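Worksheet: one structure, shown below.
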Amino acid sequence: MTDHPGRKRRGSPIQIDPEEFRKLGHEAVDLIAAYLGGIESAPVTKGHTPSSARAIVGDGPLPQGPTPAGPLLRGIAGTLVGHSLHNGHPRFLGYITSSPAPIGAIGDLIAAAVNPNVGAFTLSPVATIIEEQTIRWIAELIGYPEDCGGILVTGGNMANLVCFLAGRRSVFPADAPQRGIGADGRQYRIYVSGETHTWIEKAADISGIGTDAIRWIPTDAGQRMDAAALERSIADDRSRGDIPLMIVGTAGTVATGAVDPLGAIATIAKRHECWFHVDGAYGAFAAALPEASDDLRALSRADSVAVDPHKWLYTPLDCGCALVRDRALLREAFHRQPSYYRFTGEPGDEPTNFYEFGPQNSRGFRALKVWLGMRQAGRDGIVGMIRSDIALADSLRDALAAHPEIETRTKELSIVTFRYVPPGFGDGSPGHEEYLNRLNTQLLDRIQGGGELFVSNAVVGGTTLLRACIVNFRTTEADTRAIPEIVAGYGRRIHASLANGGD
Ligand SMILES: *Cc1c(COP(=O)(O)O)cnc(C)c1O
């Protein structure tokens, strides 16, 4: 694009001329390409503390005068590349934060430059259609009805919250938005397992329903919700006159990646006319695999599903997606008609105004980075990446299990849990489990700070475990083969120091 001839620019400290933009942009892109090209040779993290990170960023006041853009961008890019935790590193296996798709980074640059406001169609015609299409493709990919309602939000927590509020809307009396909850004096109940992510407590609180309304249903030995216990709990509550509002099933639990018996839960939900929500932030995308379990595929029966493109679609942070079977209901939950908006369109060609489908008003073009990644890979590419992450998790589990000092515990989807057990450490001695919990807690800290490998933790049945999540298209077999000895090396040193009276 060139400057409009004859048009005089207003002097502004934030303006960058096209020529300079080109130069700065090329420089930044060269830097990013070099970063991505050498990402595996840097430590995963330098293990900064808040004070060491503050020493690098500086903590001075906002400068009074301007700073030239070139040195500013160069400086901050160097800081970020040199001192971040690199979740694009092949040995970043902590939490379910994926390696970001490079095309998403370019997409974000374009989206920010054009800056459509995807709150209303009029303000973002093409971008709105791209978001609609992205939502439809996500639904199609995981086997959910394509005519569902949906919206892109910041992540799993917000996607679950949006679905939760739609579910609440479906059950609450029509005047609840005016009178507030509690006005009808009824006691609502929410059914979840103890493995449910903490968003549920935030949602119960934010929605005004309160965390006391939550029934924590026990899980079986595989960390899956016990469907018979769920049914009993609902029957109990109904006989007391309480109203079952919602059952939440998880497709890929946080700790171990377990998939609740979603088919059985769907049947129970139907029998009791109860909203059935699936938190599929991580695992729902695995439903796209032809070999997916029936339990996973039963998410298609849910009233709403939350998924996280910033997990298994490799979208750069941040992006979650709420899907609600009844599109009109999702709109009803958030629709308002202010006098200052006239975004109606023609009959038969009505636009989607996303401000009516979620809590946000002005909205960025979050969809572009998702849409680009999905198109670049295609369905086959997405399925292949997820399948190979799951296969790599199998090889990691096998490599860990083959190590004499490592005990593996679970492997579900692409999550493996395990712990270090010193050689000859017979069990049965008093304090055995406590000692191993202490050892493995220290091991986690040492690994996380060490920069060679990044894993997270899980507590399963009171046992402290390390947890590797492979949601990373850069991880290879060579990495999974190297991991057991990295873990054991740290483990031995910690065991030796604990045996010498260290803590
Ligand atoms: C990651 C995750 C969440 C939270 O998602 P955010 O994107 O971090 O907000 C919720 N539930 C499950 C099952 C998850 O895996």
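Observations
- Residue 256 vs. criteria within 10 Å of the ligand (Cβ to nearest atom), at pLDDT 95 or above, among the β-branched types (Val, Ile, Thr) and open to solvent by less than 10 Å² (accessible area, probe 1.4 Å): no
- Residue count for the stretch 121-134, restricted to those that are surrounded by fewer than 24 Cβ atoms within 10 Å (Cβ to Cβ) and of a type in the set (Val, Ile, Thr): 4.
- Residue count for the stretch 187-208 satisfying the condition of being among the β-branched types (Val, Ile, Thr) and open to solvent by 50 Å² or more (accessible area, probe 1.4 Å): 2.
- Inside the stretch 463-494, residues that are open to solvent by 50 Å² or more (accessible area, probe 1.4 Å) and either among the β-branched types (Val, Ile, Thr) or at pLDDT below 95 (or both) make up a count of 1.
- Of the residues making up the stretch 168-216, those that are away from the ligand (no atom under 16 Å from the Cβ) and among the basic types (Lys, Arg) are 168, 169, 179, 186, 189, 215.
- Among the conditions (1) assigned to a loop (DSSP other than H, G, I, E, B); (2) of a type in the set (Val, Ile, Thr); (3) more than 16 Å from the ligand (Cβ to nearest atom); (4) under 18 Å from the mean Cα position of the chain (by Cα), the only one that residue 134 does not satisfy is (1).
- Test: residue in the stretch 264-276 that is crowded, with 20+ Cβ neighbours inside 10 Å and within 11 Å of the ligand (Cβ to nearest atom): no
- Pairs are defined by a Cβ separation below 7 Å, a sequence spacing of at least 6 or placement on different chains, a first member in the stretch 320-336 that is open to solvent by 10 Å² or more (accessible area, probe 1.4 Å), and a second member that is at pLDDT below 95 and in a helix (DSSP H, G or I); the pairs so defined are 329/169; 329/170; 332/169; 333/169.
- Among the residues making up the stretch 162-186, those that are over 27 Å from the mean Cα position of the chain (by Cα) and either modelled with pLDDT of 95 or more or surrounded by fewer than 16 Cβ atoms within 10 Å (Cβ to Cβ) (or both) are 173, 174, 175, 177, 178, 179, 180, 182, 183, 184, 185, 186.
- The set of residues from the stretch 297-314 being under 18 Å from the mean Cα position of the chain (by Cα) and more than 11 Å from the ligand (Cβ to nearest atom) comprises 299, 304, 305, 313, 314.
- Selection within the stretch 87-109 - open to solvent by less than 50 Å² (accessible area, probe 1.4 Å) and touching a helix residue (DSSP H, G or I) at 6+ places or on another chain (Cβ under 6 Å): 88, 89, 90, 96, 98, 101, 103, 104, 107
One line per residue, one yes/no per condition, for (1) closer than 30 Å to residue 389 by Cα; (2) within 16 Å of the ligand (Cβ to nearest atom):
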| residue | (1), (2) |
| --- | --- |
| 58 | no, no |
| 68 | no, no |
| 82 | yes, no |
| 95 | yes, yes |
| 126 | no, no |
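- Complete set of residues in the stretch 281-296 that are in contact with an Asp or Glu (Cβ under 8 Å, 6 or more places away or on another chain) and within 11 Å of the ligand (Cβ to nearest atom): 281, 282
- If you check 112, 139, 77 for being open to solvent by 40 Å² or more (accessible area, probe 1.4 Å) and not in a loop (DSSP other than H, G, I, E, B), only one passes: 112.
- Taking every residue in the stretch 216-241 that is in a helix (DSSP H, G or I) and pairing it with any residue that is among the basic types (Lys, Arg) and open to solvent by less than 50 Å² (accessible area, probe 1.4 Å), at least 6 positions away or on another chain, the pairs with Cβ-Cβ distances below 6 Å are 237/189.
The values are calculated or read from the model by the stated rules, or taken from the named source; none is laboratory data. Fair warning: this is a prediction, and the values are worked out from it, not measured in the lab. Positions of Cβ are generated from backbone atoms using ideal geometry, with glycine treated the same way; all protein chains shown enter the neighbour counts. Heads up: the accessible areas ignore ligands, DNA and RNA and are worked out on the full protein's heavy atoms, side chains in. Shrake-Rupley method; radii C 1.70, N 1.55, O 1.52, S 1.80 Å.
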